[in-house]
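Derivation of every value follows stated rules applied to the coordinates shown; laboratory data play no part. Owing to the predicted nature of the structure, the values given are computational and were not obtained by experimental measurement. Note that each Cβ is placed from the backbone with ideal geometry, even for glycine, and that neighbours are counted across all protein chains shown.
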Amino acid sequence: ILFFNTLMIGTFISISSFSWLSMWIGLEINMLSFIPLMNEKKNSNSSEASLKYFIVQAISSMFIIFSILFSLILNEYMELMKSPMEMILNSALLTKMGAAPFHFWFPEIIEGLSWINTLILLTWQKIAPMILIMYNFNSNLFFCLVILTSMLVSGIKSWNQTSMKKILAFSSINHIGWMLSMLMFNQSLWPFYFSFYTFVNICLISMLSKFEILSIQNLFNIMNSNKPIKLFF
């Protein structure tokens, strides 16, 4: 309960702060709170997932603080450096969310998590990075490429997956592309889209957890033995 509370506090600090430094601190509190939650089962899969998550998030955080400090120090002298620093900052935030082409860590970590932690990573852990991107969003070629890549990669990679968690991971990457599209055309639509996305994930993961469905084969077996479940899938 303690780590879950600090997880939420870290997110609220990030999205309600008026300075980039305090936003970064909020992201760090959020990350350090989620890692103990990932290790709740004390098995090799969760330990490996938490270690990978820490490494990826720590590197992303390093680039975030680097871009913030570099921009503050050189803002008055090097206006030409503003755009590259913004790109580094946004790339680090996109990595924290698992957007393509920064998604290399996301499916593998999802595979090693419990269902409740999978739900947290797919939903809650996207809120702070997405809102910080909204604060610093520019409708430029960089974001267009990220949107296109997220949609293409998720569509292609999900075709040959049998693990339900990896399918959810690539589905999440696809939805990140749509969320960024919302920011590009109408930012006021993003909260509604994210709320619906979260609701669907809660319902779906609750069903997968209840029936212990980890793969496509599990799903087919349960559907054959339990006809009413076909209504949900």
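State the extension gain, in nm to one decimal, for the chain segment bounded by Lys42 and Phe54, taking 0.36 nm per residue of separation less the distance between their alpha-carbons.
Separation in residues times 0.36 nm, less the Cα-Cα distance, equals 2.7 nm.
Within 9 Å, Cβ to Cβ, of Gly112, how many net charges do the neighbouring residues add up to if Lys/Arg are +1 and Asp/Glu are -1?
On the way: positive: Lys52, Lys165; negative: Glu48, Glu108, Glu111.
Around Gly112, the surrounding residues sum to -1.
Hey, in the GNM for the chain with a 10 angstrom Cα cutoff, which one of Lys165, Lys157, Lys42 fluctuates hardest?
Of the options given, Lys42 has the highest mean-square fluctuation.
For the pair Ser188 and Asn138, what calculated FRET efficiency results from E = 1/(1 + (r/R0)^6), where r is the Cβ-Cβ distance and R0 = 25 Å, to the nearest 0.05?
Details: r = 18 Å, r/R0 = 0.71.
My answer for the efficiency is 0.90.
For Lys166, Lys210, Lys41, Lys52, which order do you get if you count the other beta carbons within 10 Å of each Cβ and list the fewest first?
Listing Lys166, Lys210, Lys41, Lys52 from fewest to most nearby Cβ atoms yields Lys210, Lys41, Lys52, Lys166.
Suppose each label sits 7 Å from its Cα in the direction of the beta carbon; what would the Asn221-Phe199 distance come out to in nanometres?
Here the modelled spin labels are 3.4 nm apart.
Residues with amide H under 5 Å of Ser215's amide H, sequence separation 5 or more or different chain, H placed in the peptide plane at 1.01 Å from N; which?
Met164
Keeping to pairs on different chains or 8 or more places apart, tell me how many lysine pairs in the chain have Cα atoms under 19 Å apart.
19
Can you sort Phe102, Phe66, Phe211 so the residue with the fewest Cβ neighbours within 10 Å comes first?
Fewest-to-most ranking of Phe102, Phe66, Phe211: Phe66, Phe211, Phe102.
Tell me, what HN-Hα J-couplings in whole Hz come from the Karplus equation 6.51 cos²θ - 1.76 cosθ + 1.60 at θ = phi - 60° for each residue of the range 50-62, using x for Gly and Pro?
The phi angles translate into 5, 5, 4, 4, 4, 4, 5, 5, 5, 5, 4, 5, 4 Hz.
If you average over every viewing direction, what projected area does the convex hull of the Cα atoms of the range 49-157 give, in nm²?
That works out to 7.2 nm², a quarter of the Cα hull's surface.
Per DSSP helix of 4 or more residues, -39500 (n - 2.57); summed, then divided by the residues of the chain. What does that give at 222 nm, rounded to the nearest 500?
-25000 deg cm²/dmol
Connecting C-alpha atoms closer than 10 Å in a GNM of the chain, tell me which of Ser158, Ser206, Ser188 has the biggest fluctuation.
It is Ser188.
Could you please rank Met182, Met207, placing first whichever residue has the fewest other Cβ atoms within 10 Å of its Cβ?
Fewest to most other Cβ atoms nearby, the residues stand as Met207, Met182.
What list of ³J(HN,Hα) couplings, whole Hz, do you get for the range 180-193 from phi and the Karplus terms 6.51, -1.76, 1.60, once you set θ to phi - 60° and write x for glycine and proline?
With the stated coefficients, the range 180-193 comes to 5, 4, 4, 4, 6, 9, 7, 5, 5, 7, 4, x, 5, 4 Hz.
Short version: ³J(HN,Hα) in whole Hz for each residue of the range 4-10, in order, from phi by Karplus 6.51 cos²θ - 1.76 cosθ + 1.60 (θ = phi - 60°), x for Gly and Pro, what are they?
Listing the rounded values in order: 5, 5, 5, 4, 5, 4, x Hz.
What per residue convex hull volume, in Å³, do the alpha-carbon atoms of the chain yield? Please list the in-between numbers first.
Numbers: hull volume 28.9 nm³, N = 233.
Given the Cα convex hull of the chain, per-residue volume reads 124 Å³.
What does the net charge come to around Gly177 if you take all other residues with beta carbon closer than 14 Å to its beta carbon, with K and R at +1 and D and E at -1?
My count for the surroundings of Gly177 gives +2.
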